[in-house]
Each structure stands twice: as structure tokens, then as C-alpha cells.
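Chemist: This is the structure I have questions about; it appears just below.
Read the figures in this text as sums done on the coordinates, not as results from a lab. Everything quoted here is computed from the prediction, not taken from an experiment. In this analysis, Cβ positions are derived from the backbone assuming ideal geometry, glycine residues included, and neighbour counts consider all displayed protein chains.
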Amino acid sequence: MQPTPVPLVSVIVPAYNTAPFIAETLDSVFAQSMTDYEVIVVNDGSPDTPALEQALLPYRDRIRYIVQPNGGLSAARNTAIRASRSELVAFLDSDDAWEPDYLKYQLKELTDRGLTVVYADATIFGDTRLAGQRFMDVHRSTGPVTIESLVTQRCNVMVSVLARREAVVNAGSFDESLRSSEDFDLWLRIVRAGGQIGYHRRALVRSRLRHDSLSANGISMCHHIVRVLDKAVRELDLSPHEREVIAGKRRDFSAMLRLHEGKRAFLAGRYAEAAAALAEANRHLRRLKLTMAVMLLRLVPGLLLKAYDLRHRLVFGGAAR
């Protein structure tokens with residue numbers, strides 16, 4: 001029996017509660033102009049498993065399907081990385097999609113430029129006011145990808161990347177204790193290990209945003225970013241300047257975390273808790289709108305609850321920017 005040829009790329013698709021979208025995702029993979037790849041779908045203990053497996057039926061002879069207890073995106077991606085046979089891995093979320101030349105163009109960029117990881121621009125779509133915009137217009141990438149540019153968000157690496165498998169594994173793969181910002185953590189470790197992350201501005205990904213996604217939860221996102229920054233300080237060999245930069249961004253995200261917690265308390269009618277959280281956030285953010293919100297919450301909290309326009313536009317509409 002002839003051995004199965006090793007594919008050039010392993011496409012990794014973690015699946016959790018995305019049965020309505022995964023066919024579109026897989027169709028975009030199987031429409032690629034470059035065909036030397038394998039596809040690994042990991043069902044991460046998804047609550048919609050019957051619907052997911054029904055959606056996967058037309059593709060079962062073309063994918064490797066793995067089912068595991070829920071462990072989060074990191075655990076699902078790591079399972080697929082361990083199962084992969086290729087020297088290159090491409091990450092694709094199960095509600096996103098690729099343009100037909102994604103793999104071909106990404107491979108050329110990776111090899112021609114000698115990169116460790118390469119990411120493209122994306123077109124945003126879905127249930128969001130950002131639909132139709134480009135990822136890099138919303139989350140910029142300017143200059144080289146370094147520890148400092150990652151931490152200051154001068155460079156924002158989107159998760160749909162093509163990467164050298166060995167570099168990902170040597171950096172420790174995804175941290176399974178993180179349920180959010182796990183990719184940010186990995187990029188920091190890859191860069192510190194000497195890996196080169198590059199990007200280009202060709203929109204080769206269609207990135208779906210949903211209200212129920214992890215990235216839509218401001219409290220969870222800020223909490224995990226603070227965790228990643230603390231982990232970087234503990235575990236990475238950082239210069240004094242990098243430590244200073246991280247300390248500054250940690251203060252920023254800690255304040256944003258308190259802002260989101262204050263907003264949640266306000267919407268739940270816990271006005272004293274909201275006022276305390278917003279006041280704490282504003283000691284760092286120093287926003288006039290937040291000062292007004294705290295004053296109104298302490299004096300006439302019911303006024304804010306009744307004033308829809310104030311609640312959604314005046315108080316919070318520009319406070320998070």
C-alpha cells in the first residue's frame with residue numbers, strides 16, 4: 001500500500017456552536033485555488049453537535065473530524081495541531097471564510113519573505129455595524145510586528161494566519177487556560193522566540209462578527225488581555241522598555257475592564273456599584289462623559305435609566321474609545 005502523501009498545509013477549524021455557518025466556511029476552503037492541504041475540524045464539545053454533524057455530512061470524506069470535551073478555542077486548536085501532518089498550519093474559525101486565493105497568496109508571502117507567520121487583511125461581515133469595513137481599517141497594522149507594536153496595538157494580528165507548525169509548537173502552542181486573547185498570547189511568545197510575523201493588505205478573509213462571540217464581550221476580553229500582559233511580564237525575557245510599555249497598557253485595559261463592569265452594573269440597575277466602577281475607571285481614563293455619568297448615578301440614578309439617549313450615546317457611546 002502506498003503511503004498517504006503529506007499535505008503542504010493543515011487547515012485547522014475549531015467548531016463550537018457554529019452549525020449554521022460551517023458549511024460556508026468549508027466551502028471556502030474547498031474552493032481554494034491551491035489544493036495541497038488537509039482539513040481538520042475539531043468539535044469542541046459543541047452543544048449543537050447534532051446540527052453540526054448534519055452540516056458536516058457532505059464533507060465527511062474530505063475532512064478529518066475529531067470530537068472532544070469542551071476545552072475552549074485553545075484546546076481545540078492544539079488538538080488539531082497535534083493531529084496535523086503538515087509543516088504549515090492555517091487557522092480558520094468555523095464562522096469565517098477565505099477568498100479563493102487565500103492559501104496560494106499566503107504561502108507565497110510566507111516563503112518569499114521568510115516569515116514564521118503571515119496574516120492578511122479581511123472584510124468584516126455579519127451582525128455588526130462594522131459590516132463592509134476592512135479589518136485593518138478598524139484594527140490597524142503599521143510597521144514591523146514586535147512585542148511593543150503588539151502590546152500597543154500598533155499591529156493587530158488576526159487569527160486567520162498561515163504559520164510554520166514547528167514555530168507554533170516550540171513557542172508552546174495555545175495556552176489552554178485562556179478562553180479569550182489566546183492568539184495575542186501566542187503571537188507575543190512567537191515574536192520573543194525569534195519568529196517573524198508579517199502581514200499584507202490584500203483582503204483574503206471574510207471575518208464574521210456576532211453579538212454572541214467571545215470578542216463581543218468587553219469584560220471577558222479586557223480581563224484576558226490583562227492576564228496575558230501579566231503572563232508576559234512573568235514568563236518572557238523583556239527589556240526594561242518593553243516592561244514599561246506593558247505596564248502602561250495594563251493600566252489602560254484595567255481601566256477599560258472597570259468601565260465595562262460599570263456599564264454592566266448600570267444596565268442591571270446596580271447604581272452604586274456602577275458609580276464606583278466608573279469612578280475607578282475614570283481615575284485613569286479622565287473622560288468628561290464618565291465624570292458626568294458618575295455624578296448623575298450618585299445624585300439621580302433613575303434619570304439615566306429613563307434617558308435612553310443619554311444611557312447609550314452620551315454616557316457610553318464614546319467612553320470606550
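Chemist: Name the trypsin sites (Lys or Arg not before Pro) in the range 23-121 that are in a loop by DSSP and that have at most 12 other C-beta atoms within 10 Å, would you?
Modeler: Listed in order of number, the matching sites are R60, R62, R113.
Chemist: Given R₀ = 56 Å, FRET efficiency for E176-L299 by Cβ-Cβ distance, to 0.05?
Modeler: That gives a FRET efficiency of 0.75.
Chemist: Any chance you could list the semi-axes, whole Å, largest first, of the equivalent ellipsoid that the Cα gyration tensor gives for the range 174-289, using √(5λ)?
Modeler: 29, 20, 13
Chemist: The range 1-96: which GluC sites (Glu not before Pro) are DSSP loop and have at most 13 other beta-carbon atoms within 10 angstrom?
Modeler: E87
Chemist: While we're on this one: Using only the alpha carbon atoms of the range 110-205, find the Kirkwood hydrodynamic radius as the inverse mean reciprocal pair distance, in angstroms to one decimal.
Modeler: After inverting the pairwise mean of 1/r, the radius is 13.9 Å.
Chemist: Taking just the C-alpha trace of the range 88-136, give me its Rg and Dmax in Å.
Modeler: 12.6, 37
Chemist: Pick out, in residue order, every one of the trypsin sites (Lys or Arg not before Pro) in the range 237-301 that is DSSP loop and has at most 14 other C-beta atoms within 10 Å; say none if there are none.
Modeler: Passing both the DSSP loop test and the Cβ count: R286.
Chemist: Please provide three numbers in whole Å: the alpha-carbon extents of the chain along the principal axes, with the largest listed first.
Modeler: The Cα atoms of the chain stretch 80, 48, 34 Å along their principal axes.
Chemist: Helix 102-112 against the longest principal axis of the chain: what's the angle in degrees, Cα atoms only, rounded to the nearest 10?
Modeler: Tilt of helix 102-112: around 80 degrees.
Chemist: So what's the angle, to the nearest 10 degrees on a 0 to 90 scale, between helix 240-267 and the longest Cα principal axis of the chain?
Modeler: Helix 240-267 sits roughly 70 degrees off the main axis of the chain.
Chemist: Which one, L285, L257, L88, has the greatest fluctuation when you compute a Gaussian network model over the chain with C-alpha springs under 10 angstrom?
Modeler: Looking only at L285, L257, L88, the largest GNM fluctuation is found for L285.
Chemist: Compute the helix-to-body angle for 73-83: its Cα long axis versus the longest principal axis of the chain, expressed 0 to 90° and rounded to tens.
Modeler: The two axes meet at around 10 degrees.
Chemist: Along Cα→Cβ, 7 Å out, is where each label goes; now give me the distance between the ones at K108 and L57 in nm to one decimal.
Modeler: It is 4.0 nm.
Chemist: Something else about it: Three principal axis extents, largest first, for the C-alpha atoms of the range 23-171, in Å?
Modeler: Taking the Cα atoms of the range 23-171, the three principal extents are 44, 38, 32 Å.
Chemist: For the range 52-123, what's the radius of gyration and Dmax over Cα atoms, in angstrom?
Modeler: In Å, with Rg to one decimal and Dmax whole: 14.3, 41.
Chemist: If you don't mind, another one. Mean residue ellipticity at 222 nm from the helices of the chain, using -39,500 (n - 2.57) per DSSP H segment of n ≥ 4 over the full residue count, to the nearest 500 deg cm²/dmol? List each step's numbers first, then the result.
Modeler: On the way: 13 runs with 144 residues, N = 321.
-13500 deg cm²/dmol, from helical runs alone.
Chemist: Between A131 and L8, what is the FRET efficiency for a Förster distance of 35 Å, r being their Cβ-Cβ separation, to the nearest 0.05?
Modeler: Computed FRET efficiency for A131 and L8: 0.60.
Chemist: Would you kindly give the portion of the calculated P(r) for the range 1-109 that falls above 25 Å, as a percent of all Cα pairs?
Modeler: Summing the P(r) of the range 1-109 above 25 Å gives 16 percent of all pairs.
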